[in-house]
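Q: Have a look at this one.
The values are calculated or read from the model by the stated rules, or taken from the named source; none is laboratory data. Nothing here was measured: the structure is a model prediction, and the numbers come from that model. Because the Cβ atoms are built from the backbone with ideal geometry, glycine has one as well, and the counts that use them run over all protein chains shown.
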Amino acid sequence: AQSVTQPDIHITVSEGASLELRCNYSYGATPYLFWYVQSPGQGLQLLLKYFSGDTLVQGIKGFEAEFKRSQSSFNLRKPSVHWSDAAEYFCAVAPNAGKSTFGDGTTLTVKP
Amino acid sequence: DTGVSQNPRHKITKRGQNVTFRCDPISEHNRLYWYRQTLGQGPEFLTYFQNEAQLEKSRLLSDRFSAERPKGSFSTLEIQRTEQGDSAMYLCASSLTGTGYQPQHFGDGTRLSIL
């Protein structure tokens, strides 16, 4: 069965600083990989996805993620964080175009 | 695109009562998913439908839980004899089906609080 680990429960960065959120997955083949963002009291918004091809994928809101097969990782990055990026971030995997398995999330706090 | 709509947004009930949540997917989406999210955790898959057919159920979906999608449009999730452990956010998502990946669009969830 697939699983997702997000090692960092909580990360605090200063506004304007760079950000990297870690995600490691376990699956027998290359799954579909996703990053979602969730603001308090709201549902999940898809930031970006990876299926195949270029291992560096661009998403919305200036986010990008890099797939590294050798490390079973799919880390999310942003070069300059804005205060509005404060939220909870979830990494997810899906074996196909069906149900997703989510990590437990990383809460991002942005300091002014 | 009006998005996925979930009602109610918040439900407070006493232990032992039955509750029902509704999800209205994006109109042309034929797949509908239910997830449960507890505090400090990511969403966990419960079940999904393609049109009116329930194609998969998680072992998390005990016999107190039942989901329906009678006409392939909206869906309901009922929990009978609620327990403290049922307190969670219940999220609904919908998607198209087709070749390749079709993104899941999530509603804002129904938060269930058991007194």
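Q: Output the number of residues of the stretch B:4-28 satisfying the condition of being more than 15 Å from the chain's Cα centre (by Cα) and over 10 Å from B:Phe74 (Cα atoms).
A: Residues that pass the stated criteria total 8.
Q: Kindly check whether there is at least one residue in the stretch A:66-87 that is within 14 Å of chain B (Cβ to nearest Cβ) and closer than 25 Å to B:Thr97 by Cα.
A: No: zero hits.
Q: Same structure, new question: Looking only at residues in the stretch A:98-112 that are in a loop (DSSP other than H, G, I, E, B) and surrounded by fewer than 19 Cβ atoms within 10 Å (Cβ to Cβ), which one is nearest to the other protein chains (Cβ to nearest Cβ)?
A: Going through the qualifying residues, I end up with A:Asp104.
Q: Just the residues that are modelled with pLDDT under 95 and more than 7 Å from chain A (Cβ to nearest Cβ), please, taken from the stretch B:105-115.
A: B:His105, B:Leu115, listed by residue number.
Q: Still on this model: Find all pairs meeting these conditions: Cβ atoms under 7 angstrom apart; at least six residues apart or on different chains; first residue within the stretch B:37-57 and facing another protein chain (nearest Cβ under 7 Å) and over 18 Å from A:Gly105 (Cβ atoms); second residue loosely packed, with under 14 Cβ neighbours inside 10 Å and not basic (Lys, Arg).
A: Going by the 7 Å Cβ cut-off, the qualifying pairs are B:Tyr48/B:Leu55.
Q: Let me ask something additional. Taking the stretch B:7-25 as the region of interest, how many residues are surrounded by fewer than 18 Cβ atoms within 10 Å (Cβ to Cβ) and of a type outside the set (D, E, K, R)?
A: The number of residues fulfilling the criteria is 9.
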